[in-house]
1. From the list Glu94, Glu98, which one is in a loop (DSSP other than H, G, I, E, B) and either crowded, with 18+ Cβ neighbours inside 10 Å or not aliphatic (A, V, I, L, M) (or both)?
2. Which of the residues that make up segment 48-77 are closer than 22 Å to Ala150 by Cβ, of a type in the set (A, V, I, L, M) and in contact with a strand residue (DSSP E or B) (Cβ under 7 Å, 6 or more places away or on another chain)?
3. Hey, among the residues in segment 51-83 that are in a loop (DSSP other than H, G, I, E, B) and surrounded by 15 or more Cβ atoms within 10 Å (Cβ to Cβ), which one's nearest to the chain's Cα centre (by Cα)?
4. Give the residues of segment 118-161 that are part of a loop (DSSP other than H, G, I, E, B) and surrounded by fewer than 16 Cβ atoms within 10 Å (Cβ to Cβ), sorted by residue number.
Amino acid sequence: MSNTACAAGILAVALTLVAPTAQGESTDVPPTESAALLKWLQGGSYKKWPKESAPHRSMGPHKALVLTYLNPTLDRSLEAKAASHPKGAAAVKELLDEVGKLAGWAVSVKTAPDSAGGKGWYWYEMLGTTASSTVVSQAPGQPLCTGCHARGRDFVLIPHPLD
């Protein structure tokens, strides 16, 4: 097999593993535009990511119960105890009501190689699960989020390995 054919084969396998969506976005990196992100969250593709074993009380300001999912990029970075997470690292925290029903989401996506004091992260929190729900946060470097997350390792407070 020629080097060109080998390289083409490797590329084809790599592209298959990324699992692009119809919009050309990887399902392992959430969109960072509010309407697209809501649709992506409602689709539930993040539920295939590594996650905590059971809902629990939030250790932070998130309401009621939470269940956290890590995309493979963030999971590997936390496992490696990296001081800085790569661009594309992401987490989805399901916000659950007292009986465990989905009541919203909190999402973080690293959008740049440098965290830049939290400005290299996109922060999103929605209380509810429909387009008419209250969006608490939806911006890079959101002070509401970075203020708390700054004490984490590269703005990530999630204990690893996941419980």
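Read-outs throughout are calculated quantities, based only on the coordinates presented, and are distinct from any laboratory measurement. What you see is a predicted model, and the numbers here were worked out from it, not measured in a lab. Heads up, the Cβs are rebuilt from the backbone with ideal geometry, glycines too, and the neighbour counts pull from every protein chain shown.
1. On the way: Glu94 fails: in a loop (DSSP other than H, G, I, E, B).
On inspection, the qualifying residue turns out to be Glu98.
2. Val66, Leu70, Leu74
3. The initial filter retains those residues of segment 51-83 that are in a loop (DSSP other than H, G, I, E, B), namely 52-55, 58-64, 71, 80-83.
Add one more test, that the residue is surrounded by 15 or more Cβ atoms within 10 Å (Cβ to Cβ), and what stays is 52, 55, 58, 62-64, 71, 82.
Working: Glu52: 14, Pro55: 17, Ser58: 17, His62: 16, Lys63: 18, Ala64: 20, Asn71: 6, Ala82: 17 Å.
The residue in question is Asn71.
4. Here is the first cut: in segment 118-161, the ones part of a loop (DSSP other than H, G, I, E, B) are 119-120, 128-133, 141-142, 150-152, 154-155, 157-161.
If the condition is that a residue be part of a loop (DSSP other than H, G, I, E, B) and surrounded by fewer than 16 Cβ atoms within 10 Å (Cβ to Cβ), then Lys119, Gly128, Thr130, Ala131, Ser132, Ser133, Ala150, Arg151, Gly152, Leu157, Pro159, Pro161 are the ones that fit.
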